[in-house]
Every structure is written in C-alpha cells, then in structure tokens.
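See structure below.
The values are calculated or read from the model by the stated rules, or taken from the named source; none is laboratory data. Because the structure is a prediction, the values reported are computed rather than measured. All Cβ positions, even for glycine, are placed from backbone atoms using ideal geometry, and neighbour counts span all protein chains on display.
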C-alpha cells in the first residue's frame with residue numbers, strides 16, 4: 001500500500017426503521033507500524049473553515065478514531081466490548097457509548113477495507129445500530145482528486 005491514499009468513510013445509522021447514511025471522500029496518508037495500520041486525513045464540517053484532523057489506528061479486533069479540531073474525541077471500537085468517549089463539538093459535549101459487535105478487515109496490496117458494526121449510545125441511552133466502513137485505496141500517479 002502506498003503512503004498517499006484515497007479514503008472513503010461511510011457511516012450508516014439505523015434508528016426506528018429509518019437509515020441515515022453519510023459519506024465523505026478525501027485524500028490521506030497511510031502507514032503500517034508494529035502490526036497496526038494508521039490512517040491520517042482531514043475532513044471539513046459544513047459551515048466551518050477549520051478542518052477536523054483524524055487519525056485512525058486499527059488492527060485485528062480493534063479500531064481507534066482520534067479527532068482533533070472543531071470536534072475532539074478519542075473513540076475506541078473493540079469487538080464485544082463497550083467503550084465510552086467524550087465527544088466535544090462546537091455545540092457542546094456528548095457522552096458516546098460504542099458497543100462494537102464485529103470488526104472486519106480486508107487487505108491486499110492496493111486496498112484496505114475496514115467495516116465495523118456497532119450499537120451507539122448517547123448520554124447512556126441507545127441511539128442507533130451503526131455500520132462504519134472505511135475504504136483505503138492506493139493513490140495512483142497521474143490521477144488527480146479535488147475537494148470542490
């Protein structure tokens with residue numbers, strides 16, 4: 001896998017029979033160290049000019065997402081374990097509970113796909129059943145990508 005990558009992050013939240021899907025595509029940096037994969041990328045929030053910097057670290061059975069900027073949080077997804085995280089936003093703080101059911105990683109020379117199925121709680125109450133999919137692809141020379 002190359003250092004320069006294209007990143008697709010897709011989240012689906014299922015609540016009361018309704019599904020809400022969000023997706024972002026951006027460029028990022030990838031590396032592997034001591035058996036763990038690392039992904040660095042920035043995302044923009046609508047209405048704000050400052051990006052949120054993300055660092056994703058994952059290995060078999062575990063995924064950590066660290067956000068810095070307008071949103072600050074460290075979220076830990078561990079199979080069959082519930083973790084709490086303080087999610088700090090420009091609008092206030094939220095206590096988020098993450099109960100990961102399954103973490104699946106597929107990897108080859110050109111692509112890595114991570115899928116996490118989890119239940120999400122907000123302020124200690126079940127909010128939604130969720131799926132997070134992170135698709136990392138090697139960025140090829142000559143291919144341009146713009147965020148406009």
In segment 127-142, is there at least one residue being more than 18 Å from the chain's Cα centre (by Cα), assigned to a loop (DSSP other than H, G, I, E, B) and surrounded by 13 or more Cβ atoms within 10 Å (Cβ to Cβ)? yes
Of all strands (runs of 3 or more DSSP E) fully inside segment 1-110, the set with 3 or more residues that are without any contact (Cβ under 8 Å) to a residue 60 or more places away in the chain and touching a strand residue (DSSP E or B) at 6+ places or on another chain (Cβ under 6 Å) is 18-33, 36-43, 52-59, 62-68, 73-78, 81-89, 92-107
All conditions in (1) modelled with pLDDT under 95; (2) within 14 Å of the chain's Cα centre (by Cα); (3) surrounded by 15 or more Cβ atoms within 10 Å (Cβ to Cβ) are true of residue 24 except (3)
By residue number, the members of segment 31-50 that are modelled with pLDDT under 95 and within 15 Å of the chain's Cα centre (by Cα) are 43, 44, 45
